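**Student:** Below is one structure. I have some questions about it.
Any read-out appearing in this document is the output of simple, stated calculations on the displayed coordinates, not a laboratory observation. Please read all numbers here as calculations on a predicted model, not as lab measurements. Here the Cβ positions follow ideal geometry from the backbone for every residue, glycine too, while neighbour counts run over all protein chains shown.
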């Protein structure tokens, strides 16, 4: 705003325009208003200029609003590019927590915050208590704070968390994602809430198939009980439990089916398979409340805990009683060795003791004693 600059512009454009803000007055104006100064030469005497000042506050603010919406549209597009369709998107000024809803789906309308307002995080946390599934609410309240969100964005580039909303009495899995977008007027926090029901469903189906495959990998194809791989997993879990509880009560029973080779050689492998399945059924009937594993061709292992552990002596008696009757009638004889955990250095000594006792029992049974 000086003579030389004004004259140069007038010589070039015939008019000089400048928009600026006036300080609030002492009257009803509570904030600065936008005005435009227009300067032009008088038509009949170029030695004089005319200066006019117009109130353009409303027009400028409307234009700024349009520009802001355009910026938010760009920000929304960037966020949308990250992760699909959103139930709702908010644009927040991180300096003062003022927020405005950019978009919201019809189903989300009844749950959403007011379209715009102050204290985004405070309002969100208050609103959460009536719309978030009760089991997920404590986690949401502990994580979704301004400090936590901004710190995570600073460390990772974005903030994300999953929880469930109750929409029309139906649980809906959602993912809240927040990022910082640099805009002309400063940083903006963009928060989007994404419906991930389909994704969760696919994950659950994948997990179910994975579990099924894992279970099939742990199942003995012939007998239908757990196999050696499953036993090794159970053994490792038992070792971990012993680290936390050295007074754990358990026992290991090792069983070996007598005369399987003889049946295979005389009657064929099909008969041998049936012989083995019948032996397995006998073992499972006696140790009804314990996991039974087939760990070899004719060898089985039982990990005894809980109810079966309390009646272990009776179960071993029943096994011996069965063998006595089977020996006299030509039935299936199953050698058996049992060992309890007695402050041993892990599961292995218990297993080895049971294995040794099983071979002793096998010798006794073969001798007919």
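**Student:** For region 218-366, take the convex hull of the Cα atoms, compute a quarter of its surface area, and give me that in nm², please. Please list the in-between numbers first.
**Tutor:** Values: hull surface 34.1 nm².
One quarter of the hull surface, i.e. the mean projection, equals 8.5 nm².
**Student:** Moving on to the next point. Taking only Cα atoms and a 10 Å spring cutoff, compute GNM fluctuations for the chain and point out the largest among 308, 136, 55.
**Tutor:** 55
**Student:** Here's another thing I want to ask about it. With label points built 7 Å along Cα→Cβ from the Cα atoms of residue 101 and residue 51, find their separation and express it in nm.
**Tutor:** Each label point is offset 7 Å from its Cα along the Cβ direction, giving 4.8 nm.
**Student:** Give me the mean projected area, in nm² to one decimal, of the convex hull enclosing the Cα positions of the chain. List each step's numbers first, then the result.
**Tutor:** Details: hull surface 137.8 nm².
The directionally averaged projection comes out at 34.5 nm².
**Student:** From Cα pairs below 8 angstrom and at least 6 apart in sequence, can you work out the relative contact order of region 272-369, rounded to a whole percent?
**Tutor:** 18
**Student:** With each pseudo-label sitting 7 Å past Cα toward Cβ, what's the residue 240-residue 266 distance in nm, one decimal?
**Tutor:** Once both label points are built, they end up 4.7 nm from each other.
**Student:** Need the full-extension length gain, residue 171 to residue 59, defined as separation in residues times 0.36 nm minus the C-alpha distance. One decimal, nm.
**Tutor:** 35.7 nm
**Student:** Calculated FRET efficiency, residue 22 and residue 122, Cβ-Cβ r, R0 25 Å, to nearest 0.05?
**Tutor:** E(calc), rounded to 0.05, equals 0.10.
**Student:** Given the -39500 (n - 2.57) contribution per DSSP H run of 4+ residues, what per-residue ellipticity at 222 nm results for the chain, rounded to the nearest 500 deg cm²/dmol? Before the final figure, lay out each step's value.
**Tutor:** Numbers: 12 runs with 174 residues, N = 369.
Value at 222 nm, helices only: -15500 deg cm²/dmol.
**Student:** Can you give the direction-averaged projected area of the convex hull of the alpha-carbon atoms in region 3-55, in nm²?
**Tutor:** Working: hull surface 17.9 nm².
If I average the Cα hull's projected area over directions, I get 4.5 nm².
**Student:** Sort 339, 40, 142 so the one with the fewest other Cβ atoms within 10 Å of its own Cβ comes first.
**Tutor:** Details: 339 20, 40 15, 142 9.
Neighbour counts put them in this order, fewest first: 142, 40, 339.
**Student:** Would you calculate the separation in nanometres between label points at residue 209 and residue 3, each defined as 7 Å from the Cα along the Cα-to-beta-carbon direction?
**Tutor:** 8.5
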